[in-house]
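Right, one structure below, let's go through it.
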Amino acid sequence: MAWIRKTTLAVSGMAMAVGALGATAAPAAAVGGCPAGKLCLYDFINYKGLALTSTSTKACFILSASPSYMGDIGSYVNNLPVNAAVWEWRAGTRYTLVGTIGPGKFSSNAGSNFGVNGAVCMGGLDPDEYFG
C-alpha cells in the first residue's frame, strides 16, 4: 500500500511541475502582428501596410473597395478557423478562384499579383453570388 501512495505522490508532483512550466511559458508572438481570431491582409510583403482585417467566418470583401483599397495581396495571416478563398476578377468570366489561405496559414510574400482586382471570401462563399 505504501508504494501506491508514493507513486501517486510522485505522479502528482510531476503533473504540478509540468503545469507550472506551461503557465510560465511566454505566449508566441502573433505573426505579422495579426491577433488571434482574425484574417489580416497586407498591401506589401513582410506584413507591411495592413489593409484589411476580418473576424467574420462567412463574408466576402472586394479588395479594391473600401475599407482595404488594395490592388492585390502582398502578405497575409489567417487566424480564422475557416479557409479564406482568394478570387481574381477576369473580364468575361467574372471571378476566378486563384488560391486558398487555410486556417493558421501565413506568408510574408504572397507572390506577384495574388488576388489582383479580386475578392477574398470566407465560409465557402462565391463573390459572384455574394455581390450578385
What are the residues in the range 35-55 that are farther than 17 Å from GLY115 by Cβ and touching a strand residue (DSSP E or B) at 6+ places or on another chain (Cβ under 7 Å), if any? LYS38, ASN46
Of all residues making up the range 109-131, the number that are in contact with a Phe, Trp or Tyr (Cβ under 6 Å, 6 or more places away or on another chain) and more than 14 Å from VAL86 (Cβ to Cβ): 1
Residue list for the range 55-82, filter: polar (S, T, N, Q), in contact (Cβ under 8 Å) with a residue 40 or more places away in the chain and surrounded by fewer than 19 Cβ atoms within 10 Å (Cβ to Cβ): SER56, THR57, SER64
For the range 67-109, give me each residue that is in contact with a strand residue (DSSP E or B) (Cβ under 8 Å, 6 or more places away or on another chain) and of a type in the set (D, E, K, R). GLU88, ARG90, LYS105
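Every read-out reported here was derived from the displayed coordinates using simple, explicitly stated rules and does not represent laboratory data. Just so it is clear, the model here is predicted, and its values are computed rather than measured. Positions of Cβ are generated from backbone atoms using ideal geometry, with glycine treated the same way; all protein chains shown enter the neighbour counts.
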